[in-house]
Ligand SMILES: Nc1ncnc2c1ncn2[C@@H]1O[C@H](COP(=O)(O)OP(=O)(O)OP(=O)(O)O)[C@@H](O)[C@H]1O
Ligand SMILES: [Mg+2]
């Protein structure tokens, strides 16, 4: 089943084959004659073409109309979420030079779980078990990474591990998260629609509402505005096990970006205090990356330990991806996420709860030491 109805599919006939192929996760149309797809993480240029710019523009107008929006000179771009969670981003000339640009992130009907991430090489068994324990123990988790690195997928996977019986509230811009818990409330923000006299309902508005809905845990799909402050406050006020994703290049940058977002709004909280709040709100950072060979890997699982004497974030690697090799023929990167000889500060909680994760599991393998020595 495609996200688009028959009428729209007629307009989109040059790309219908890509919409129907489950292995294709993203379709990028750079003007009528230049169409790329992403398959198995790799970008491929396709021979598909629209007849001309007018045909492509008609397709885009039909998509906009189907979600009650307009795309024209006055509204030259569109970020639309389809009902199934697929995302469509459009930008038209003169803002885009090559013609109408459309990016479709297809919704994946297959929900990935921890085991899939292990099978795909994104996590090791131990790293997956450790993350499972973090969720079980109600650690507040920030998932960081670049665009399309697998943050939402990771959040979804972690969300599915939330113990039954806890009331979970998810908040996002589109229904991308599919957390299959027995007590979950999904809230979705809304863009303003002046034509219908509808005001925007932001993620921040929804976080405020959620706090009156007795959540045990709050999950914010993507933190990218002043709702950051609310999430940090939620994490600091007893809603253990709350989570969110954030765009950042590495785990330390994730803390800095979260701090920057917290300071964006009309807050009167001084920056030093904010830093202190963040350092006690977030306990675990999971960093995702899309490697040059197209694979999505969990690059690091870290603990945020607080601030050092110079008031910098102290972030310790618990697990980290180590590259072993690169196949020169295929470009495939070989490597593993391995423990880093660091026992997290909450190990005692793991022990007293009798969770099957002995201290030895935090010991790095000897091949990593050998690799470092030979470097
Ligand atoms: N571990 C993985 N292995 C293989 N494919 C993955 C993995 N994680 C995510 N993907 C695929 O990568 C694409 C991007 O994933 P996802 O939407 O989770 O990324 P994101 O970081 O949230 O992106 P954005 O920054 O656009 O929000 C999706 O098609 C998803 O199915
Ligand atoms: Mg995402």
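The values are calculated or read from the model by the stated rules, or taken from the named source; none is laboratory data. Values in this document were obtained by computation on a predicted structure and should not be read as measured data. Here the Cβ positions follow ideal geometry from the backbone for every residue, glycine too, while neighbour counts run over all protein chains shown.
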Restrict the check to region 138-147 and report whether at least one residue is within 16 Å of ligand 2 (Cβ to nearest atom) and surrounded by fewer than 21 Cβ atoms within 10 Å (Cβ to Cβ). yes
In region 237-247, which residues are within 16 Å of ligand 1 (Cβ to nearest atom) and over 9 Å from residue 143 (Cα atoms)? none
Odd one out for residue 169 among (1) in contact with a helix residue (DSSP H, G or I) (Cβ under 6 Å, 6 or more places away or on another chain); (2) closer than 28 Å to residue 249 by Cβ: (2)
Only residues that are more than 16 Å from ligand 1 (Cβ to nearest atom), over 15 Å from residue 92 (Cβ atoms) and surrounded by 12 or more Cβ atoms within 10 Å (Cβ to Cβ): list them for region 35-50, please. 35, 46, 48, 49
For region 267-281, state whether one or more residues are in contact with a strand residue (DSSP E or B) (Cβ under 7 Å, 6 or more places away or on another chain) and either free of Cβ contacts under 8 Å to residues at least 24 places away in the same chain or within 22 Å of residue 152 (Cβ to Cβ) (or both). no
Can you tell me which residue among 156, 186 is in a strand (DSSP E or B) and either outside the structural domain of residue 88 (by TED's automatic domain parsing) or at pLDDT 95 or above (or both)? 186
For residue 104, the lone unmet condition from (1) part of a helix (DSSP H, G or I); (2) touching a strand residue (DSSP E or B) at 6+ places or on another chain (Cβ under 7 Å) is (1)
Enumerated strands (runs of 3 or more DSSP E) restricted to region 284-352, each holding at least 2 residues that are at pLDDT below 95 and away from ligand 1 (no atom under 16 Å from the Cβ): 313-326
Has region 106-114 got any residue that is surrounded by 15 or more Cβ atoms within 10 Å (Cβ to Cβ), under 30 Å from residue 365 (Cβ atoms) and within 16 Å of ligand 2 (Cβ to nearest atom)? yes
Return only the number of the condition from (1) away from ligand 2 (no atom under 16 Å from the Cβ); (2) within 26 Å of residue 192 (Cα to Cα); (3) touching a residue at least 60 places away in the same chain (Cβ under 8 Å) that residue 162 does not satisfy. (2)
Could you tell me which of the residues 60, 42, 102 is farther than 22 Å from residue 151 by Cβ and under 23 Å from the mean Cα position of the chain (by Cα)? 102
Of the numbered conditions (1) modelled with pLDDT under 95; (2) over 18 Å from residue 85 (Cα atoms); (3) loosely packed, with under 15 Cβ neighbours inside 10 Å, residue 11 satisfies every one except a single condition; which is it? (3)
Across region 156-199, what is the number of residues that are more than 16 Å from ligand 1 (Cβ to nearest atom) and more than 19 Å from residue 88 (Cα to Cα)? 22
